[in-house]
Structure formats: C-alpha cells, structure tokens
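> Handing you a structure now.
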Amino acid sequence: MTILVTGGTGYIGSHTAVELIQKGYEVIIADNLCNSSESVLDKIAEITGTKPKFYLVDLTDKEATRKIFEENKIDAVIHFAGLKAVGESCLKPLMYYYNNIASSVVLAEVMAEYGCKKIIFSSSATVYGEPETVPITEDFPIFTTNPYGTTKLMIERIYTDLAKSDSEWNVTLLRYFNPIGAHSSGLIGENPNGIPNNLMPYIVKVALGELYQLSVFGNDYDTHDGTGVRDYIHVTDLALGHIAAIEKLTDPGVHIFNLGTGTGYSVLDIVKAFEKANDIKVPYVITARRPGDVPILLADPSKAERELGWKTKLGLEDMCRSSWNFAKKTLNK
Ligand code: NAD
Ligand code: UFG
C-alpha cells in the first residue's frame, strides 16, 4: 500500500513515516518545508534503510499537488501538513485560515479526481475548547478559542460534509492531545524554530543552557499542585495510532478518535520527571497564567482502544529521556 504523508518532514509526520516504512508501507512525503528541513529524509533513511520519495510542494498549489497523484498510485493520505502555533494564529489569522483550509480543500479535491478517498486528518484536542469536565470523550461539544483551533474545527466539518456528499469517502479525524518525546534513535524529534511555545521543547532548551529558565505559567489552577495539567503522549505511540487507523478503519464514513493516554501530568510533574530521567536541573520560576490556557485537558482514549485495538505503551520517563537524547544527539551540534 502506498501512503502519501503530507507534512511528513515535520515532527509527527516524520515519526509516522518511520513506523509506516518499518511495517512495509511505501511512503511518499509532500511538504513545503516551511517548518521542517529536507535533511529529515536522510534521518528517516538512516533509521529505516529507505529514503521516502519526496515532493517539495505547497498543498495550496493544485497543479503541484496533482503531479504527486499523476506520478503515483496513492491508496491513502495521512494529512499532517499545516501551521500549528496558537499565538501566531491570533496575530496572523488569514495566513492560518488560508494555509490550513485551502491546502486541505485542494488536497481532497485532487484525491477525489484520482479516486483516492481515504484520508486521516491531524486534528487536535484544541477543538474541545474549555471542556466542563474531564476526561473528554469524542462526543463532547466542540468549539474553539483561537484561529488555529478554528482551522482544525472547520477542516473536520469540511471533511465530514465531503463524506456525507459521497459515501465512498473514508475520513478519520484524529484528535491529538499533547505529543512529546522523540524517536529512540535520537535522529528525529521536535525542533521548532526560534523560542519554543510548548513546554517540552522549552524545557529542553533550558537544559541545553540555551535559555535561562522555564516560566511556569501559573500555580493557582485547581489541580493537584496548582499548575496546568495535560495528557502528554509519546510521539511514537501517536504515530502507531495512525497505522491502527489505516489498518482497522476500512469502512467508509467518518471516524473520530482521541489519541491520548488518559493520564494527566502537571507542569511541575513534567519538570521533575525530566530532571529525574536525565539527571539534569531545569531551573524554573512561577509566572502569571498564559492567556487562553485551560487548567486541565485529559483524553478518554477508550474508543481508540476498543475500535482500533490501539493503546499507548510508553510512559513519562520514556518521553523525557527520548526528548533529551534527541536534543543531545541532534540539536546540540
Ligand atoms: P510540524 O510543523 O512539525 O509539521 C507540519 C509540517 O507541515 C511541516 O513540515 C510544514 O513544513 C508542513 N506544511 C505546513 N503548511 C504546508 C503546506 N501548505 N504545504 C505543504 N506542507 C506544509 O507540526 P507537527 O507537530 O508535526 O504537527 C503535525 C499536525 O498535527 C499539524 O496539522 C498540527 O496542527 C497537528 N497537531 C499537532 C499537535 C502538536 O502539539 N504538535 C497537537 C495537535 C495537532
Ligand atoms: N507551559 C508553561 N511554560 C511554558 C510552556 C507551557 O508553563 O513555557 C504550560 C502551559 O501553561 C500548559 C502546559 O505547559 O499548562 C502545556 O503547554 P503547551 O504549550 O506545551 O501545550 P498546550 O496544551 O497549550 O497546547 C498544545 C498545542 C496545541 C494543541 C494542544 C492540544 O500547542 O496546538 O496541545 O491539547 F492544540
């Protein structure tokens, strides 16, 4: 089976490409490299022994996207490509709406033209907004608090409408919680440009000595230690969730799954776990809450376990160790 992985040189896409290749799938990657590097292809080759075919393509460009389908027989698409920074999306909403939505529409149009009607889309727990209770099941109401989240919600709706209009479509919407960690080889991982927005990449930069200290955004939430609680999931477990979706969801229609562990950790839990796993200090200071943050987000992942036979295997220690291993091996050069 040939799988087109859009955004496949990015963080989650590259880990998924590795797992797919190792399971015998043929992988084609399409990316415009706006937030990743072509060198990731060599890392994938180093890990798997196979360098995926690569198209340097902006998916808003229909002709260029068509070329991929013209030259290859694609069986399914995993659609990771998109912009993902919440803060930036508030400053540049049009850029986010255009890039994320136009690319998703163009991709689906071209897929339909070539009779490829199986897509797995990277959605996010951000579509649950500020849930009234946790854990969150897939039938919770969805609404968003920032333009990035709204693009995810809108693309979910667009693909759902598409599946309603044509019963041959098989659409899977995967709502990721907080992916962290890196491949066990230390060759691929999360490598954001500039000062990181997210917790784990920030901790890593502090541990590397590139940033002075971590700001913990608020310790007055109603959680066990007052700091925000999230459902962190190892990126390799997340990657395997996509393979389960490819293999198990053979019926047309719309399939929606939370991908998380069901266990919540606070910011301070993560700092302590990172320090312990890697025997390194992470200096931090408590600061004000970050606008838009919610106290706690936690998945109920039982639907994925029931219907996909998928369950996370890697714990917090692995997440912290692998993040640091990648940083030392690949970032600190
Ligand atoms: P990433 O930025 O590392 O990867 C996304 C890739 O898409 C990048 O390589 C980028 O160059 C590419 N891209 C962006 N716009 C494109 C376009 N128009 N045409 C072609 N390529 C384009 O991000 P990631 O963390 O790997 O996230 C992958 C997907 O998962 C994204 O859709 C993101 O919104 C979603 N997601 C991520 C998280 C997270 O915390 N990382 C959480 C929930 C959902
Ligand atoms: N945090 C800090 N200091 C930092 C960075 C983060 O204290 O420097 C805290 C946050 O306040 C929050 C927790 O660490 O309590 C996690 O924050 P992240 O920024 O790592 O992740 P978020 O939960 O805010 O959001 C992430 C992605 C979104 C995605 C969401 C899904 O950035 O795109 O997970 O749950 F939608």
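The values are calculated or read from the model by the stated rules, or taken from the named source; none is laboratory data. Here the structure is a predicted model, which means the values were calculated and not measured. Backbone-built Cβ (ideal geometry, glycine too); neighbour counts: all protein chains shown. To get the accessible areas, we keep the full protein, side chains included, count just its heavy atoms, and leave off ligands, DNA and RNA. Shrake-Rupley method; radii C 1.70, N 1.55, O 1.52, S 1.80 Å.
> Under the Kirkwood approximation applied to all pairs of distinct alpha-carbon atoms, what is the hydrodynamic radius of the chain in Å?
20.2 Å
> Please compute the alpha carbon radius of gyration of segment 45-142, then divide it by the globular-protein estimate 2.2 N^0.38 Å. Two decimals is fine. Numbers along the way, then the final one.
Details: Rg = 16.7 Å, N = 98, 2.2 N^0.38 = 12.6 Å.
Against the empirical 2.2 N^0.38 Å value, I get 1.33 for segment 45-142.
> Then there is this: Determine the principal axes of the Cα atoms in segment 293-333, then give the extent along each, sorted from largest to smallest and rounded to whole angstroms.
Computed over segment 293-333, the largest-to-smallest principal extents equal 43, 30, 15 Å.
> For the pairs Lys67/Lys329; Lys73/Lys311; Lys53/Lys311; Lys62/Lys152; Lys84/Lys248, flag any whose C-alpha to C-alpha distance is greater than 26 Å. Mind showing how you got there, number by number?
On the way: Lys67/Lys329 36 Å; Lys73/Lys311 31 Å; Lys53/Lys311 30 Å; Lys62/Lys152 21 Å; Lys84/Lys248 28 Å.
Correct reply: Lys67/Lys329; Lys73/Lys311; Lys53/Lys311; Lys84/Lys248.
> Any idea what Rg and Dmax come out to for segment 1-55 if you just take the C-alpha atoms, in Å?
9.6, 28
> I'm checking a number: the convex hull volume of the Cα atoms of segment 172-263, normalised per residue, in Å³. What is it?
Measuring per residue, one finds 141 Å³ for the Cα hull of segment 172-263.
> Here's something else I'd like to know. In segment 191-324, what percent of the accessible surface is made up of carbon and sulfur (1.4 Å probe, ligands and nucleic acids excluded)? Numbers along the way, then the final one.
Working: 3050 of 6240 Å².
Exposed carbon and sulfur together represent 49 percent of the surface.
> Bin width 5 Å, alpha-carbon pairs only: give the P(r) of segment 96-226 as whole percents, running from 0 to the bin holding the largest distance.
Histogramming segment 96-226 at 5 Å steps yields 2, 8, 13, 15, 16, 16, 13, 8, 4, 3, 1 percent.
> Still on this structure: Sort 28-35, 68-75 for me by packing, meaning the mean count of neighbouring Cβ atoms within 10 Å per residue, highest on top. Don't skip to the end; give the middle numbers.
Values: 28-35: 21.2, 68-75: 15.5.
The densest-packed peptide leads the list: 28-35, 68-75.
> Sticking with this one: Can you give the Kirkwood hydrodynamic radius of segment 196-333 from its Cα pairs, in Å with one decimal? Each step should come with its number before you reach the end.
On the way: mean 1/r = 0.0608 Å⁻¹.
Every distinct Cα pair counted, the radius reaches 16.4 Å.
> Same structure again: I'd like to know which of Tyr232, Pro179, Ala207 lies farthest towards the positive end of the charge dipole of segment 156-245, counting +1 on Cβ of Lys and Arg and -1 on Cβ of Asp and Glu.
Looking along the dipole axis, the top candidate is Ala207.
> Dipole size in debye (nearest 20) for segment 1-126 around its Cα centre, Lys and Arg Cβ +1, Asp and Glu Cβ -1?
Values: 12 positive and 15 negative charges, 48 e Å.
For segment 1-126, the charge dipole is close to 240 debye.
> Next up: Please work out the Cα center distance from segment 39-112 to segment 144-192, rounded to the nearest Å.
Taking the Cα centre of segment 144-192 as reference, the centre of segment 39-112 is 12 Å away.
> Need one word for segment 19-86: rounded, prolate or oblate. Basis is the Cα gyration tensor (sqrt eigenvalues a ≥ b ≥ c); a/c below 1.5 gives rounded, then a/b vs b/c decides.
Values: a/c = 1.75, a/b = 1.18, b/c = 1.48.
Note, shape of segment 19-86 comes out oblate.
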